[in-house]
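Please read the structure below before turning to the comments.
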Amino acid sequence: MQVTLMQGILIGIFAIISGIDFWWEGFYIFRPMIVCTITGMILGNITLGIVAAGLTELAFAGLTPVGGTQPPNPIMAGIMTVVLAYTTGKSPATAIGLALPFSILMQYIILFYYSAFSVLTKKLDTYAANGETKKYTQLALLPTWIVGLSYGIIAFLCVYGAQAPMKDLVNSMPVWLSHGFEIAGSILPAVGFGLLLKSMLKARYVPYLLIGFTAACFIKFGNLMPVAVIGVALALIEYNRSKKDAENEKKMKAVMENANNNGDDEDGI
Amino acid sequence: MESKKTETPKRGKLTKHDVRMLGIRSLFNQSAMNYERMQADGWTLAMMPALKKIYKDDKEGLADSLKSNLQFINTNNYTAPLLMGLEASLEENGEKRSTIDGLRIALFGPLAGIGDAITWFTILPIVAGITASFAKQGSILGPLIFFLVYLAMFFARIPIAQLGYTTGTKAISKIRENSAIVSHAASVLGCTVIGGLIATYVQITVKTKIPVSAGHTIALQTQFFDRIFPNILPLGYTFLLYWLLKKKNVSPVILILATFIFAILFSWLGVL
């Protein structure tokens, strides 16, 4: 299948909107769940978009911009997964792997911008010191427009410009290679989960991880709701227990202080 | 004489609408994100109308406040409105500049911790996990639910800003007291769900069959790994990656590339 010029432009426009959304972290339309669905809609195959959305969202579940870090870009991953599955006829799972270089390209562009926008701080300081709020507003919003525009241009070039060479490349791949990409796509969520665990797993949380894992292995249900409910129950138990502990600690401290005061009195007598 | 003037609490009062707008404007928090001082430029942009209203004609005071707000800050985008509301109430009451700045700097770290634990490490895995199970079957419910959840999350910025504004200085001890407990409970929920996600969404199936005697083979996956414990390979691989990330400080991009090389190699060998 071919991406038309009109479709390429529409995807570019959507990339601008979702790019700004990612920059601001506003409505989360930058997550693959939404990006893939909209891209599928633009290409006239929404079912392909939605299926790719489920797969890509999970592959990127742990790749989050926490604390000012930049993960491989979820927008370009989402757009290119759907576009490559659409143009080459490969399964979305294979396309995730093929989309990865585009995603990493965008990641590095954003990292470059993080450094580059530091040059604006001096000028912003001057405007702030002079109380020039209008000028400040204009300049503080400039990075947003630059980032949005970059997304639009890059998405358009990757989608429309690179489709023919990508198609040739993919079609000349031997079966074991495209199968390898497919396998990689289904293992990829492990990297994201590993990253999530890096930020949150401590020795005392390992039991909960094991409970969740075992529950999901043996509860046969269409989605993760049962595991989430078990998690909520465990969280409530822990919340109440920690609260009680904190209160007891306070009481203990009060008692200790009283005891010390009494002791002083006795010494005094 | 100017510096004395800023201490007098002859300041403008924010209306309910102003505080709501502060919640909405917290969207600008990352508008000029950069490595030098992270969110500071966007943070100040979000605070600007509120500060202008508070300082009215006191140009000197406004400039002072803007300059102070331009110090390094990096917090979570959903707890930012709480801190913005809190700061607005302090500015309005004419607290000392050093008090306001000290509190902002003291609180943005703990608030980032609690906000990230709740939004990125708990809500996102749960919402992604559940909506992906719909989406994988081609159901529009997946993206639809996802969108509605995050639309609600966006509008939650308004009550969060109001909470910061109304509780004012009272909020500080509360945040300090409860942030550890809430992050702890969120981590329990998050880890349980991630355990479930590993079992459900990481897929490694070994195709190799080992011949034991003439005409008899053992399929490694169904007759060996699955009999020990289902999904034991995904769990093992995730823990390997976790170990590499945590103890060896390997970059995630390297691990993604390594996963691809590993998958393609084993595909070529016919193992996976």
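Quick one: is B:T238 of a type outside the set (A, V, I, L, M, F, W, C) and closer than 24 Å to A:V227 by Cβ? The answer is yes for B:T238. In summary, A:G192 fulfils each of the numbered conditions (1) within 27 Å of B:R227 (Cβ to Cβ); (2) more than 7 Å from chain B (Cβ to nearest Cβ) with the single exception of condition (1).
Within segment A:42-55, can one find any residue that is within 11 Å of another protein chain (Cβ to nearest Cβ), surrounded by fewer than 21 Cβ atoms within 10 Å (Cβ to Cβ) and not in a loop (DSSP other than H, G, I, E, B)? Yes, there is a match, as at least one residue in segment A:42-55 is within 11 Å of another protein chain (Cβ to nearest Cβ), surrounded by fewer than 21 Cβ atoms within 10 Å (Cβ to Cβ) and not in a loop (DSSP other than H, G, I, E, B).
Within segment B:216-269, being assigned to a loop (DSSP other than H, G, I, E, B), more than 7 Å from every other protein chain (Cβ to nearest Cβ) and in contact with a helix residue (DSSP H, G or I) (Cβ under 8 Å, 6 or more places away or on another chain) holds for B:F229, B:V250.
When the helices (runs of 4 or more DSSP H) confined to segment B:64-159 are screened for residues that are within 30 Å of B:E36 (Cα to Cα) and within 12 Å of chain A (Cβ to nearest Cβ), those reaching at least 3 such residues are found at B:97-118, B:141-155. The residues in segment A:132-147 that are within 26 Å of the chain's Cα centre (by Cα) and surrounded by fewer than 19 Cβ atoms within 10 Å (Cβ to Cβ) can be counted, and the count is 4. Only a single criterion out of (1) assigned to a helix (DSSP H, G or I); (2) crowded, with 16+ Cβ neighbours inside 10 Å is not satisfied by A:M173, namely (1).
Condition test on A:G54, is it at pLDDT 95 or above, touching a helix residue (DSSP H, G or I) at 6+ places or on another chain (Cβ under 6 Å) and among the small types (G, A, S)? So A:G54 fails the test. For segment B:40-62, a residue qualifies if it is within 9 Å of chain A (Cβ to nearest Cβ), over 17 Å from B:K96 (Cβ atoms) and touching a Gly at 6+ places or on another chain (Cβ under 8 Å), and exactly one does: B:K59.
The values are calculated or read from the model by the stated rules, or taken from the named source; none is laboratory data. These figures come from a predicted structure and were not determined experimentally. Positions of Cβ are generated from backbone atoms using ideal geometry, with glycine treated the same way; all protein chains shown enter the neighbour counts.
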